[in-house]
1. Given the convex hull over the Cα atoms of the chain, what projected area results after averaging over all orientations, in nm²?
2. Please list, ordered by chain and number, the residues whose modelled amide H lies under 5 Å from the amide H of Tyr244; skip anything fewer than 5 residues away on the same chain.
3. For segment 322-335, just list the computed ³J(HN,Hα) in residue order, Karplus coefficients 6.51, -1.76 and 1.60, θ = phi - 60°, integers in Hz, with x standing in for Gly and Pro.
4. So, for the chain, what is the accessible surface per residue at a probe of 1.4 Å, expressed in square angstrom?
5. Which of the pairs Lys22/Lys106; Lys30/Lys220; Lys258/Lys424; Lys349/Lys399 have their Cα atoms more than 21 Å apart in this structure?
6. Given the Cα-Cα distance of Ala260 and His57 and 0.36 nm per residue of separation, how much length would full extension add, in nm?
7. With only Lys, Arg, Asp and Glu charged, each at its Cβ (+1 for the first two, -1 for the last two), find how big the charge dipole of the chain is about the Cα centre; round to the nearest 20 debye.
8. Determine the order of Glu217, Glu322, Glu137 by accessible area, beginning with the largest, at a probe radius of 1.4 Å.
Amino acid sequence: MYWVDFDKYFCFSIRLSLTIMKLFSSTQIKEIDEYSIVHEPITSVALMERVAEILAHAILDIYPHVNRFLVFCGPGNNGGDGLAVARLLALQGKCLDIVLLYDQEKFSTDTLINYKRLKKTSCVTLHRIDKLEDLPELGPQDVVIDAMFGTGLSRPLNGWPLEVVTYINSCQAEVVSIDMPSGLPGEDCSGFPSDGIVCATNTLTLQFPKLSFFFPENEKYVGLFQVLPIGLHPQALTTIPTPYQFITASNVKPLLPKRATFGHKGTFGHLLLIAGSKGMMGASVLSARAACRAGVGLVTSHVPSGQGQIVQIAVPEVLVVEDMDTVCFSSISNIKTYSAIAVGPGISKHQKARVALRQLLKEVESPLLLDADALNIIAEERDMLDMLPPNTILTPHPKELSRLVGDWSNSFQRLELQQAFALKYQVVLLCKGAFTTIALPNGDLLFNSTGNSGMATGGTGDVLSGIIGGLLAQGLTSVDAAILGVYLHGLAGDISAGEIGQQALTASDLVNNLGKAWLSILK
Ligand SMILES: NC(=O)C1=CN([C@@H]2O[C@H](COP(=O)(O)OP(=O)(O)OC[C@H]3O[C@@H](n4cnc5c(N)ncnc54)[C@H](O)[C@@H]3O)[C@@H](O)[C@H]2O)[C@@H](O)CC1
Ligand SMILES: [K+]
């Protein structure tokens, strides 16, 4: 899937060097470009040249030994980027074939300037082509540079550009897309047929990842993506509003809870974890172990009668209270003692658990997290949704989310449903997965940058509940606890994958590597 590098521990992540990573729509990106041109100030063609230098550098970094590149150029500035990159690669001694999909009358101003510059460059062959038979030969060792359409795409491709996309996708050669795979819209992809989008090996995207890169159905188009900062004006980046943001290390560092030198276990909060049922005690153990490594002072595990020994042996650090029932969570007691409560992993959907959860929602005064079966119960007994205290954190995976918010037909719609639900019920609503999303009570939506698909294994969700619960208990706000918890959890996953690989990764590895994840953020 996505990028490999970030630092020595990261297995799958995105190469970034920006501090705050807002995500903008294609229309806003155009606005930011224009603002930068006026206020830097810089001419648009000089900005294109700067972009081309950055792109050429990145391409040579990925393909140092490739000698021949075939560049497909569209009429707009994406094509202009392609022409400028072709010139710079040719100046590095590479062999360049450029396929122009359109006549120069259709070119944007800066594309035309770069076309004229390119004509004076050696080692470059320009082809104005409008049928497949005339395309230059493309060997498996060559690399395609896709510079047909970027953020200016206004409709699905058809006709000649569609034929070219089909051809490129049928070839063996690797493809590097400039800014975006041609044919892929930046946001809502509904109505864009899957055969009309370039399947890139690498996408070199300018300044910001585009929203559509985070949708699972687009992985096959985007390939590995790398975000290249191109120096757009910081004022525009801070003032233009967007509900979308990408969580990076610099976002989470300020959220780290302070550790008072004279603190004692009472200073750092007391978490009540209601997790596990008969036969599902692993959920209780994993969430308790994770909570203990989240910095919390005390953790109490509430478990069915007769199951306490399992937790006490597996996690000697936690206190255990046993329910009256031998099978599942059935009643609450002394909940005012705790500074936060996390409920759900492995509790079952038993009738007794439903009654107890309802009672909990009536009486709870501390910050609350609901996961797994607690979410399944409230999805079925929907009047409980109105009982959710404001700022409750809900941590569903996609299937659990759909039970709460309804089905979606594409990922953009899923984001909208998630945002609307968080706004309506004033909760923090996650959707766990690659680039876990966090919808905030104000309707904003954040994407996490850490984690890898080795974490798609049983028990990792229980670990997340324990971590976020532990942070809540220390007094972090729900929003901060969710952001920091999700980031730490993914980071522990990346560290684990770096040590033992994704295949062997287990939920316990995440717990074991939480310490390194904390240290990595503290660095
Ligand atoms: N982000 C930035 O700050 C910068 C972006 N630049 C580049 O500029 C690109 C955006 O340039 P443009 O706004 O000119 O847009 P594009 O180059 O993406 O495409 C616009 C052109 O394609 C045509 N078009 C759109 N959809 C079509 C379709 N389905 N079939 C056929 N033709 C179609 C339009 O009529 C227009 O001629 C970015 O993707 C990036 O590559 C850089 O040059 C400069 C800096
Ligand atoms: K492109």
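1. Details: hull surface 100.0 nm².
The Cα convex hull of the chain, projected and averaged over all directions, gives 25.0 nm².
2. Leu23, Leu445
3. Couplings: 9, 5, 6, 8, 8, 9, 8, 4, 9, 7, 10, 8, 6, 6 Hz.
4. On the way: 20800 Å² over 523 residues.
With the other protein chains kept in place, the chain gives 40 Å² per residue.
5. Working: Lys22/Lys106 33 Å; Lys30/Lys220 26 Å; Lys258/Lys424 32 Å; Lys349/Lys399 16 Å.
The pairs that break the limit, which is 21 Å between Cα atoms, are Lys22/Lys106; Lys30/Lys220; Lys258/Lys424.
6. Details: separation 203, 0.36 × 203 = 73.08 nm, distance 4.67 nm.
Computed gain between Ala260 and His57 is 68.4 nm.
7. Values: 39 positive and 49 negative charges, 235 e Å.
Taking the Cα centre of the chain as origin, the dipole is about 1120 debye.
8. Glu137, Glu322, Glu217
The values are calculated or read from the model by the stated rules, or taken from the named source; none is laboratory data. On a predicted model such as this, the values are computed, not experimentally measured, just so you know. Note: ideal-geometry Cβ built from the backbone for every residue, glycine included; neighbour counts use all protein chains shown. These accessible areas exclude ligands, DNA and RNA; they are computed on the full protein's heavy atoms, side chains included. Shrake-Rupley method; radii C 1.70, N 1.55, O 1.52, S 1.80 Å.
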